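In what follows, a structure is listed as structure tokens, so that the remarks can point back to it.
The values are calculated or read from the model by the stated rules, or taken from the named source; none is laboratory data. Small disclaimer: the values here were computed from a predicted structure and weren't measured. Every residue, glycine among them, receives a Cβ derived from its backbone with ideal geometry; neighbour counts consider all protein chains shown.
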Amino acid sequence: MVKQLITRYLKRRHLLEQSALKQRYLVIDLELTGLDPKQHEIVSVAWVLIDNECIKNSQSQHLVNKEVKSLEQSPVFHGISTDSVAQGQSLQSILTSLSAHFSDCILVFHNAMLDWGFLKLALKNAGITQRPKLIIDTLQIEKKRLLKHSSDIKLDDLTLNECRKRYDLPSYHCHHALTDAQATAELLLAQCHQIGAGKELKVGDLM
């Protein structure tokens, strides 16, 4: 156990020293029925791959959980209907497809505390033990940047759309997992170039 922890620590430290722009990132977004992973459900999972600064749209995925018990407001906010659910996949199948990327990609979320909280519990319940090698949160990257200039940050300042505005990125229709994953991928690349500012950016600079 100790040996495994040391190996994991050394791998992480080595990764943090590598060039951020040469990594493979898996940008993930979830559609949920609520905010509590113990009470609410994952409606769908979407991911977008970034490889060597290039967003690979052809490898994007948006998978609907056919086992969701209650859509709550999903038809209104996410456009997910009962027909979409009927044509979906089991959550086990979705998580198996997702976790296949954990070994070769850094995971990216906008608000990792929420989405990774749901995924971590779902992966545990599904008996999937594979761990991501690193998790990056574009919300936390932006919060860290804003704190360098001001201590007055309002909650709305860190929404995906507000963060994108600071980089002159266009507004997307939010509350659809694939659109939000795409929007987060673009935000991450914009943040990388802003933080790097002509110097070599390391993965650790994004933490």
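Any idea how many residues of region 167-207 are in contact with a Leu (Cβ under 9 Å, 6 or more places away or on another chain), part of a loop (DSSP other than H, G, I, E, B) and over 24 Å from A46 (Cα atoms)?
Result for region 167-207: 2.
Could you tell me which numbered condition I136 fails, if it satisfies all but one of (1) in a loop (DSSP other than H, G, I, E, B); (2) touching a helix residue (DSSP H, G or I) at 6+ places or on another chain (Cβ under 8 Å)?
Only one criterion is unmet by I136, namely (1).
Kindly indicate whether K66 is within 20 Å of the chain's Cα centre (by Cα), of a type in the set (K, R) and modelled with pLDDT of 85 or more.
Here the answer is no, as K66 does not meet what is asked.
Looking at (1) without any contact (Cβ under 8 Å) to a residue 40 or more places away in the chain; (2) under 18 Å from the mean Cα position of the chain (by Cα); (3) under 30 Å from K11 (Cα atoms), can you tell me which one T184 breaks?
(1)
Against the conditions (1) over 25 Å from R8 (Cβ atoms); (2) in contact (Cβ under 8 Å) with a residue 40 or more places away in the chain; (3) surrounded by fewer than 19 Cβ atoms within 10 Å (Cβ to Cβ), where does G117 fall short? Just the number, please.
The single condition G117 does not satisfy is (1).
Find the residue count for region 26-60, including only residues that are touching a helix residue (DSSP H, G or I) at 6+ places or on another chain (Cβ under 7 Å) and closer than 16 Å to A183 by Cα.
Matching residues across region 26-60 total 13.
Being modelled with pLDDT of 95 or more, assigned to a helix (DSSP H, G or I) and buried (at least 16 other Cβ atoms within 10 Å of the Cβ) is true for just one of L123, L49. Which residue is that?
L123
Please state which of the following conditions T159 fails to meet, knowing it meets all the rest: (1) surrounded by fewer than 19 Cβ atoms within 10 Å (Cβ to Cβ); (2) of a type in the set (V, I, T); (3) touching a residue at least 12 places away in the same chain (Cβ under 8 Å).
Going through (1) surrounded by fewer than 19 Cβ atoms within 10 Å (Cβ to Cβ); (2) of a type in the set (V, I, T); (3) touching a residue at least 12 places away in the same chain (Cβ under 8 Å) one by one, T159 breaks only (3).
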